[in-house]
Amino acid sequence: MKYLIISVFAFGLAACGSPCEKKNCNDFKTQKEAQEMYDSDKDCYKNLDRDKDGKACESLPDE
């Protein structure tokens, strides 16, 4: 019984992970793709805009 309780607790913690996907500029082919992800949730994907000017992954090609 003790192992069952521990297992259920551990599973519950694993299921409560961060709601944000871990994304970085290497996950996108174009700046436009990165911008769409960034615009969908700016708090979640703020790491895509390092200089905080509102443009995500500026080093990526436009198209």
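So, Cys20, is that one hydrophobic (A, V, I, L, M, F, W, C) and modelled with pLDDT of 95 or more or not?
Here the answer is no, as Cys20 does not meet what is asked.
Which residues, taken from segment 24-40, are part of a loop (DSSP other than H, G, I, E, B) and of a type outside the set (S, T, N, Q)?
The answer is Phe28, Lys29.
So which residues in segment 41-63 are under 16 Å from Pro19 (Cα atoms) and either among the aliphatic types (A, V, I, L, M) or assigned to a loop (DSSP other than H, G, I, E, B) (or both)?
Passing the criteria: Asp41, Lys42, Asp43, Cys44, Tyr45.
Applying the selection to segment 21-46, what residues are surrounded by 13 or more Cβ atoms within 10 Å (Cβ to Cβ) and not charged (D, E, K, R)?
Cys25, Phe28, Thr30, Gln31, Ala34, Gln35, Met37, Tyr38, Cys44, Tyr45
The values are calculated or read from the model by the stated rules, or taken from the named source; none is laboratory data. No experiment lies behind these values; they were computed from the predicted model shown. We place every Cβ from the backbone using ideal geometry, glycine too, and count neighbours over all the protein chains shown.
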